[in-house]
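Visitor: Below is the structure I would like to discuss, written out as structure tokens.
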Amino acid sequence: MQWEVVVGLEIHTQLLTQSKLFSGASTTFGGAPNSQACAVDIALPGVLPVLNRGVVELAVKFGLSIDARINSPSIFARKNYFYPDLPKGYQISQFELPIVEGGQINIQTGKNNEEDERIINITRAHLEEDAGKSLHEDFHGMTGIDLNRAGTPLLEIVSEPDMRSSAEAVAFAKKIHTLVRWLGISDGNMEEGSFRCDANVSVRRLGDDTLGTRREIKNLNSFRYLQQAIEYEAEFQKYILETGGKIKQATVLFDSEKRETHVMRTKEDSHDYRYFPDPDLLPLIISSDWIEEIRASMVEPPDLCFSRFIDSEIGSNGKETYALSKYDATMLTVDIDIATYFEKVVRIIGRKEAKLCANWVIGEVATRLNQDNKNITASPISPQQLAELILRICDGTVSGKTAKDIFNTMWDGESHTSADEIIKIKGLRQISNSDEITKLVDMVLIENPQQVADFCRGKERAFNSLVGQVMKKTKGKANPAQVNDILKERLKKKN
Amino acid sequence: MFNSSLNQLSTLLATKRVSSIELTRDFLRNIKSLNKEYNAFITVNEEMSLDQARIADAMIASGEGSPLTGIPIAHKDIFCTKGWLTTCGSKMLSNFISPYDAHVIELFNKAGTVNIGKTNMDEFAMGSSNETSFYGPVKNPWDILSVPGGSSGGSACAVAARMAPAATGTDTGGSIRQPASLCGVSGIKPTYGLVSRYGMIAFASSLDQGGPIAKSAADLALMLNVMVGFDARDSTSLQHENEDYTRELKGPIEGLRIGLPKEYFAEGLSDDVSRAVDAAVAEYSKLGAKIIEVSLPNTKLSIPVYYVLAPAEASSNLSRFDGVRYGHRSEEYNNLDDMYLKSRTQGFGAEVKRRILIGTYVLSHGYYDAYYIKAQKLRRLIAQDFTGVFKQCDVIMGPTSPSVAFSLGERSNDPLQMYLSDAYTAAASLAGLPGMSIPVGFGKKNRPVGLHIIGNYFAEAKILSIAHQFQQVTDWHTKMPDIKKF
């Protein structure tokens with residue numbers, strides 16, 4: 001039997017603000033327990049929440065970037081349940097009327113980016129506060145409560161059940177991950193819990209219109225776990241259905257060691273959260289002026305940046321286009337810092353050499369960053385320095401190969417030195433004087449009669465060997481294209 | 001001195017005929033001799049009060065005093081007060097010493113008043129008789145067999161028995177006005193949002209509003225001058241320009257249109273109360289006011305609506321009292337759920353539990369629309385009633401309470417009967433309107449009767465003036481219960 005997997009995601013992303021959603025306490029990660037919990041976070045009697053304006057702006061940025069509707073008013077509601085790390089006994093969230101509604105995300109799922117583009121619809125994105133942490137170790141049988149995280153702002157992004165495989169779900173999650181970091185609204189740090197996914201998974205017979213009963217996998221904090229959990233869950237559900245069973249709606253947890261899911265609670269014992277509008281907070285009104293102000297402060301969203309990188313015509317907005325391949329554009333737009341770095345380089349060199357610049361950023365720069373486990377913002381070679389180096393390739397001063405050596409020299413500690421200085425000090429200037437090269441070529445032809453004879457007998461490989469000899473004589477400084485041309489010409493004469 | 005107005009005390013202090021220390025000692029002495037009987041205070045701390053008095057005297061000496069500097073004020077134990085036990089009348093908070101000051105307390109501290117003690121109240125402000133307090137009932141100084149009203153019963157009693165010149169209270173459905181009425185003193189609940197709720201332990205957030213209880217309208221005006229103020233820490237606090245609430249006190253009654261809602265004089269109103277209120281209205285008529293009969297057709301709905309919405313909010317507001325971080329925690333428990341269960345079962349009294357149950361029920365899946373949403377819609381209708389009526393008249397008058405103070409124990413086992421104590425006050429709370437009560441006579445067993453005056457939004461200065469004019473030509477507000485001679 002043919003089955004179809006249906007997945008919808010709920011992504012909790014921590015918003016990058018100095019202070020909490022409803023209090024002035026710091027959101028910095030890793031403080032001593034309860035050192036970043038103020039009276040409001042501890043929920044002392046009588047304290048009240050006050051909405052952090054900055055949080056609203058970040059949520060609006062997200063909404064605008066996916067073409068969603070920004071609701072005004074939106075309403076904060078209380079989600080009531082008891083837990084020791086939930087100090088108020090309720091979480092302030094949004095239920096009816098979330099701040100962001102609708103919108104969509106494009107994902108590419110195939111290996112080849114030209115194919116398999118899909119649109120995933122976003123149901124909503126709403127603001128809510130995070131809970132604290134229960135610490136079960138080291139307290140002699142008691143539980144410790146750390147409220148540093150309590151009240152941290154989260155944006156919960158909820159998708160429609162539009163994904164049809166674990167791969168699509170991962171592609172979607174990655175796309176959102178890139179987007180929130182790109183927009184600067186979240187650091188997306190999955191290890192610190194700034195980006196966590198819940199996956200709603202169901203299966204149905206291929207061709208069925210109605211959705212199967214879903215189970216929700218909670219708290220997946222890596223893309224790998226997301227993939228594994230969905231795959232396990234889908235197989236499990238298929239097995240149950242194929243053996244005549246029925247899926248019971250449930251919330252499950254993924255055991256990453258055993259790669260299995262386990263039921264946490266079923267629908268019968270699910271909470272009644274008794275949502276109702278929080279009377280301590282007024283409906284959130286966002287004026288169109290404010291929205292426009294936020295829009296004006298936004299960076300170009302990644303999808304637009306991507307299109308601009310592949311377009312060859314300059315757009316109506318007058319922004320630069322670079323006619324890059326989709327592959328190059330994809331690589332350059334995985335992170336806004338990479339895109340920015342690239343554009344800084346290409347702006348100095350000119351869009352004609354955009355492909356060369358892209359190669360350098362995706363190639364040498366990315367490789368070294370990977371090796372050193374560094375972010376591009378921490379690159380020892382600035383875009384300016386890289387541009388100067390690439391310029392020396394363009395104007396024939398050095399060969400691409402020499403340029404790579406210079407690049408590595410600069411990277412390994414000789415930062416703040418320019419390519420020009422290194423070329424000068426190490427005498428790496430390329431020999432482009434054709435008389436000089438002709439002399440060298442003639443010398444090599446005299447010294448290697450065997451190879452010349454081989455070439456004349458049709459052995460193409462002998463040609464490369466001769467080129468190598470010339471390069472050796474110049475310590476690699478001869479312009480390779482020129483060497484090729486001159487050598488061909490001389491050999492033709494011999495023939 | 002104990003009968004002096006705030007103005008008179010202010011003058012005595014400013015002219016150094018009495019010091020704040022002396023004044024504070026005098027009132028502390030009164031509390032000492034009377035509180036055993038009346039139980040109006042939960043906490044008295046002579047040392048801390050006298051410390052504040054010393055600061056006040058220094059302020060006055062250096063010319064930094066303001067009108068209320070040095071005057072002892074009693075604070076309802078619902079206001080978090082730094083370094084003071086703040087119990088909210090509950091066992092749940094019987095060990096809670098607040099690490100911070102409510103906005104209202106900050107304002108009084110800034111004004112240089114002396115905190116003379118924390119007053120008794122119905123547990124978490126839930127009650128109309130002060131009998132739900134963990135610290136025992138407050139007695140009505142006019143008749144110690146009767147209740148003082150609630151939930152600000154301790155504050156009303158303290159003012160009536162001259163244990164404090166004035167006090168703070170809070171009003172959710174009538175908790176300032178009803179005890180003021182039953183104790184024969186004056187009290188005002190301002191427009192919702194004028195007094196910050198920061199540090200005022202929440203009962204029903206959309207209704208709770210702080211206000212003063214004092215001996216006269218003029219004193220209330222001075223108290224409001226201190227209490228009202230925008231506070232960024234309360235999102236429902238209104239950015240209303242600061243007013244001097246004494247400015248209109250001398251305003252004329254001539255030409256004033258007083259609306260008497262016929263629903264406030266219908267079945268359920270005791271004859272003795274009706275007579276006193278009628279006489280007060282006649283007095284206004286004599287002063288040149290025009291009396292108009294008006295109608296607030298949805299009045300009957302106010303108690304049912306109130307007892308859906310207030311418990312709904314309360315059930316959630318009181319969730320934080322879980323025994324985890326502060327407050328009462330059961331000595332013994334087997335696991336987390338057991339800890340919650342035992343701590344809350346032991347920490348809350350019967351009325352609080354009843355309201356948590358009601359509130360939890362009306363918010364539950366499947367009942368939410370039928371109760372909570374419907375009540376919200378009706379709340380809007382109730383508010384619209386007032387909007388309509390305020391086109392016909394300037395203020396609304398009626399009885400504050402359907403009856404004079406009832407006897408202790410009389411209604412404590414009949415919640416419905418108890419809830420009807422707020423029949424005339426709950427509507428103004430639901431609409432967010434300012435309302436006040438002033439003494440206008442006595443009913444059966446010589447128990448006081450209060451006149452309820454409801455104004456339009458932000459009409460505090462006006463209703464204070466209307467009350468003040470009445471108090472200029474009558475002496476009900478100067479009557480004192482027969483308490484032990486000092």
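The values are calculated or read from the model by the stated rules, or taken from the named source; none is laboratory data. Every value quoted in this text rests on a predicted model; they were computed, and no experiment measured them. No Cβ is skipped: glycine too gets one built from the backbone with ideal geometry, and neighbour counts run over all protein chains shown.
Table: residues versus (1) farther than 30 Å from A:Asp372 by Cα; (2) assigned by TED's automatic domain parsing to the domain that holds A:Pro383; (3) in contact with a Lys or Arg (Cβ under 6 Å, 6 or more places away or on another chain).
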{"site": "A:Thr409", "(1), (2), (3)": "no, yes, no"}
{"site": "A:Ser418", "(1), (2), (3)": "no, yes, no"}
{"site": "A:Leu440", "(1), (2), (3)": "yes, no, yes"}
{"site": "A:Leu466", "(1), (2), (3)": "yes, no, no"}
{"site": "A:Val470", "(1), (2), (3)": "yes, no, no"}
{"site": "A:Asn479", "(1), (2), (3)": "yes, no, no"}
{"site": "A:Ile486", "(1), (2), (3)": "yes, no, no"}
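Visitor: Let me ask another. Go through region A:400-425 and give me each residue that's among the basic types (Lys, Arg) and either surrounded by 13 or more Cβ atoms within 10 Å (Cβ to Cβ) or at pLDDT 85 or above (or both).
Guide: So in region A:400-425, the residues among the basic types (Lys, Arg) come out as A:401, A:404, A:424.
Selection gives A:Lys404 alone.
Visitor: Right, B:Gln239: within 14 Å of chain A (Cβ to nearest Cβ), of a type outside the set (A, V, I, L, M, F, W, C) and without any contact (Cβ under 8 Å) to a residue 60 or more places away in the chain or not? Walk me through it before giving the result.
Guide: On the way: within 14 Å of chain A (Cβ to nearest Cβ): yes; of a type outside the set (A, V, I, L, M, F, W, C): yes; without any contact (Cβ under 8 Å) to a residue 60 or more places away in the chain: yes.
Taking the combined requirement at face value, the residue satisfies it.
Visitor: Could I ask something else about it? Which residue pairs have Cβ atoms under 6 Å apart, sit 6 or more places apart or on different chains, and have a first residue in region B:350-364 that is more than 13 Å from chain A (Cβ to nearest Cβ) and a second that is aromatic (Phe, Trp, Tyr)?
Guide: B:Val352/B:Phe124
Visitor: Filter region A:78-95 down to the residues that are among the aromatic types (Phe, Trp, Tyr) and facing another protein chain (nearest Cβ under 9 Å), then identify the one that is nearest to A:His136 (Cα to Cα).
Guide: Keep residues of region A:78-95 that are among the aromatic types (Phe, Trp, Tyr), which gives A:81-83, A:90, A:95.
Next, from what is left, pick out any that are facing another protein chain (nearest Cβ under 9 Å): A:81-83, A:90.
Numbers: A:Tyr81: 20, A:Phe82: 17, A:Tyr83: 14, A:Tyr90: 22 Å.
The residue in question is A:Tyr83.
Visitor: A further question follows. Any residue in region A:17-34 that's assigned by TED's automatic domain parsing to the domain that holds A:Val55: show its pairings with residues that are among the acidic types (Asp, Glu) at Cβ separation under 7 Å, as long as the two are six or more apart or on different chains.
Guide: A:Lys20/A:Asp41; A:Leu21/A:Glu129; A:Phe22/A:Glu129; A:Ser23/A:Asp41; A:Ala25/A:Asp41; A:Phe29/A:Glu192; A:Pro33/A:Asp146; A:Asn34/A:Asp146
Visitor: Now for a different question. From A:Ala453, A:Ala481, A:Ala462, which residue is under 23 Å from A:Gly400 (Cβ atoms), without any contact (Cβ under 8 Å) to a residue 40 or more places away in the chain and not in a loop (DSSP other than H, G, I, E, B)? Please lay out each step first, then the result.
Guide: Details: A:Ala453 fails: under 23 Å from A:Gly400 (Cβ atoms); A:Ala462 fails: under 23 Å from A:Gly400 (Cβ atoms).
Every option except A:Ala481 fails the conditions.
Visitor: Output the residues belonging to region A:245-304 that are closer than 30 Å to A:Glu343 by Cβ and among the hydrophobic types (A, V, I, L, M, F, W, C).
Guide: So in region A:245-304, the residues closer than 30 Å to A:Glu343 by Cβ come out as A:290-304.
A:Trp290, A:Ile291, A:Ile294, A:Ala296, A:Met298, A:Val299, A:Leu304, listed by residue number.
Visitor: Tell me yes or no: at least one residue of region B:56-70 is under 17 Å from B:Gly136 (Cβ atoms) and under 21 Å from the mean Cα position of the chain (by Cα). Can you show your working first?
Guide: Step one: of region B:56-70, the residues under 17 Å from B:Gly136 (Cβ atoms) are none.
No, region B:56-70 contains no residue that is under 17 Å from B:Gly136 (Cβ atoms) and under 21 Å from the mean Cα position of the chain (by Cα).
So that you can scan it fast, the table gives a plain yes or no per residue for (1) assigned to a loop (DSSP other than H, G, I, E, B); (2) more than 10 Å from chain B (Cβ to nearest Cβ); (3) at pLDDT below 95:
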| site | (1), (2), (3) |
| --- | --- |
| A:Gly8 | no, yes, no |
| A:Ser23 | yes, no, no |
| A:Thr28 | yes, yes, yes |
| A:Asp41 | no, yes, no |
| A:Leu51 | yes, no, no |
| A:Val55 | no, yes, no |
| A:Leu58 | no, yes, no |
| A:Phe62 | no, yes, no |
| A:Leu97 | yes, yes, no |
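Visitor: Restricting to region B:312-345, what's the tally of residues that are surrounded by fewer than 18 Cβ atoms within 10 Å (Cβ to Cβ) and within 27 Å of the chain's Cα centre (by Cα)?
Guide: Pass one, region B:312-345, residues surrounded by fewer than 18 Cβ atoms within 10 Å (Cβ to Cβ): B:325, B:330-338, B:341, B:345.
In the following step, the residues that additionally are within 27 Å of the chain's Cα centre (by Cα) were identified as none.
Within region B:312-345, residues that are surrounded by fewer than 18 Cβ atoms within 10 Å (Cβ to Cβ) and within 27 Å of the chain's Cα centre (by Cα) number 0.
Visitor: Only residues that are away from chain A (no Cβ under 14 Å) and not in a helix (DSSP H, G or I): list them for region B:203-236, please.
Guide: Our first condition is that a residue be away from chain A (no Cβ under 14 Å); within region B:203-236, this holds for B:211-229.
Selection gives B:Gly211, B:Pro212, B:Ile213, B:Ala214, B:Lys215, B:Ser216, B:Val228, B:Gly229.
Visitor: For region A:219-261, give me the residue count where each residue is of a type in the set (Asp, Glu), loosely packed, with under 15 Cβ neighbours inside 10 Å and either outside the structural domain of A:Glu10 (by TED's automatic domain parsing) or not in a loop (DSSP other than H, G, I, E, B) (or both).
Guide: So the count comes out to 3.
Visitor: If you don't mind, another one. Which one of these does B:Trp84 not meet: (1) among the hydrophobic types (A, V, I, L, M, F, W, C); (2) touching a His at 6+ places or on another chain (Cβ under 9 Å); (3) away from every other protein chain (no Cβ under 14 Å)?
Guide: Evaluating B:Trp84 over (1) among the hydrophobic types (A, V, I, L, M, F, W, C); (2) touching a His at 6+ places or on another chain (Cβ under 9 Å); (3) away from every other protein chain (no Cβ under 14 Å) leaves (3) as the failure.
Visitor: Any idea which residue in region B:256-276 is surrounded by the most Cβ atoms within 10 Å (Cβ to Cβ), counting only those that are in a helix (DSSP H, G or I) and in contact with a helix residue (DSSP H, G or I) (Cβ under 8 Å, 6 or more places away or on another chain)?
Guide: Of the residues in region B:256-276, the ones in a helix (DSSP H, G or I) are B:262-265, B:271-276.
Keeping just the survivors that are in contact with a helix residue (DSSP H, G or I) (Cβ under 8 Å, 6 or more places away or on another chain) gives B:263-265, B:272, B:274.
Values: B:Glu263: 21, B:Tyr264: 25, B:Phe265: 18, B:Asp272: 17, B:Ser274: 17.
Out of the qualifying residues, it is B:Tyr264.
Visitor: Turning to a different aspect of this structure: Would you say B:Leu249 is in contact with a His (Cβ under 6 Å, 6 or more places away or on another chain), in a loop (DSSP other than H, G, I, E, B) and either surrounded by 15 or more Cβ atoms within 10 Å (Cβ to Cβ) or within 14 Å of another protein chain (Cβ to nearest Cβ) (or both)? First the steps, then the outcome.
Guide: Numbers: in contact with a His (Cβ under 6 Å, 6 or more places away or on another chain): yes; in a loop (DSSP other than H, G, I, E, B): yes; either surrounded by 15 or more Cβ atoms within 10 Å (Cβ to Cβ) or within 14 Å of another protein chain (Cβ to nearest Cβ) (or both): yes.
Answer is yes for this residue.
Visitor: Scan region A:11-48 residue by residue and report those that are surrounded by fewer than 18 Cβ atoms within 10 Å (Cβ to Cβ) and out of contact with any Ser or Thr (no Cβ under 7 Å at 6 or more places or on another chain).
Guide: Listed by number, the residues that qualify are A:Gly24, A:Thr28, A:Phe29, A:Gly30, A:Gly31, A:Ala32, A:Pro33, A:Asn34, A:Ser35.
Visitor: OK, next. Restricting to region A:106-126, and then to whatever is surrounded by 17 or more Cβ atoms within 10 Å (Cβ to Cβ) and either over 24 Å from the mean Cα position of the chain (by Cα) or modelled with pLDDT of 95 or more (or both), can you tell me which residue is farthest from A:Val170 (Cα to Cα)?
Guide: A:His126
Visitor: Still on this structure: List the number of the failed condition for A:Ile431; all other conditions in (1) within 45 Å of the chain's Cα centre (by Cα); (2) modelled with pLDDT of 85 or more hold.
Guide: Answer for A:Ile431: the failing condition is (2).
Visitor: Give the residues of region B:418-446 that are surrounded by fewer than 24 Cβ atoms within 10 Å (Cβ to Cβ), touching a helix residue (DSSP H, G or I) at 6+ places or on another chain (Cβ under 8 Å) and not hydrophobic (A, V, I, L, M, F, W, C), sorted by residue number.
Guide: B:Tyr419, B:Gly432, B:Gly441, B:Gly443, B:Lys444
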